[in-house]
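The values are calculated or read from the model by the stated rules, or taken from the named source; none is laboratory data. Bear in mind that the values here come from a model prediction, so they are computed numbers and not experimental data. Please note: Cβ atoms are built from the backbone with ideal geometry, for glycine as well, and neighbour counts cover all protein chains shown.
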Amino acid sequence: MLADVTGETLRRWREAKGWDVPRMARELRKVARDSGEDVAAHHGLVKMIPQWERGGRVPRERYRLLYQKIFADALGDLSQGMALGTDFALRFAEVRSRAARLPSPDEIKALEAAALARPREAMTPAEIRAVAAQAIAHLHETADKLAELSALLGEDGPGADESGEDEPGTSPVRTSDERA
């Protein structure tokens, strides 16, 4: 059961108890001593715990069992978490479905090219305002959908990682004024 728990989860469990890494090492050694287990020295655990939490290494079975004993209350909630996982899978499928309906970058470029290819003299000011209003309404609708999708996924913003930089393979949408 604990084999599927990520290092991030181990870190969150530790931090939820308000423990720093040395305290976690002491707790592991305490539970090991009470169970008659032989584990690494305190300073060794202090080095291993951050590696486990970053995902650089996976804890051996004996340490996974010790974690299980320490965080038995959190592990008892895994069955409830599995039900939440099903709910998440359904919401994620809905998000993917909605995202599939958004225009692709190629479609946006084609629409932009078609709009720019129209002779400007042929459009009256009222027509220009109408086209601009449609474009603005579409942008607002798209922004609302992206915000909703981001909220469902628990992200800070579409296409941005924690550093605020664009993800590889994505490019930010720029207005024609920004391209000039």
Seminar exercise, completed: Reported set for the stretch 17-43 where residues are of a type outside the set (A, V, I, L, M, F, W, C) and either buried (at least 16 other Cβ atoms within 10 Å of the Cβ) or not assigned by TED's automatic domain parsing to the domain that holds I70 (or both) is E27, R29
For this session: Working only within the stretch 47-63, note down all residues that are in a helix (DSSP H, G or I) and buried (at least 17 other Cβ atoms within 10 Å of the Cβ).
Result: M48, I49, W52, E53, Y63
Exercise. Taking E162 and the conditions (1) in a helix (DSSP H, G or I); (2) at pLDDT below 50, which numbered condition does it fall short on, given that it satisfies the others?
Worked result: (1)
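Here's the yes/no breakdown for (1) surrounded by 11 or more Cβ atoms within 10 Å (Cβ to Cβ); (2) at pLDDT 70 or above; (3) on the phi > 0 side of the Ramachandran plot; (4) of a type outside the set (K, R):
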| residue | (1), (2), (3), (4) |
| --- | --- |
| L111 | yes, yes, no, yes |
| L116 | no, yes, no, yes |
| P119 | no, no, no, yes |
| M123 | yes, yes, no, yes |
| I128 | yes, yes, no, yes |
| D166 | yes, no, no, yes |
| P172 | no, no, no, yes |
For this session: Scan the stretch 109-129 and report the pairs whose first residue is under 16 Å from L139 (Cβ atoms) and whose second residue is among the polar types (S, T, N, Q) and modelled with pLDDT of 80 or more, with Cβ atoms within less than 7 Å and a gap of 6+ or a chain change.
Result: none
Exercise. Would a scan of the stretch 70-88 turn up a residue that is closer than 28 Å to M24 by Cα and at pLDDT 85 or above?
Worked result: yes
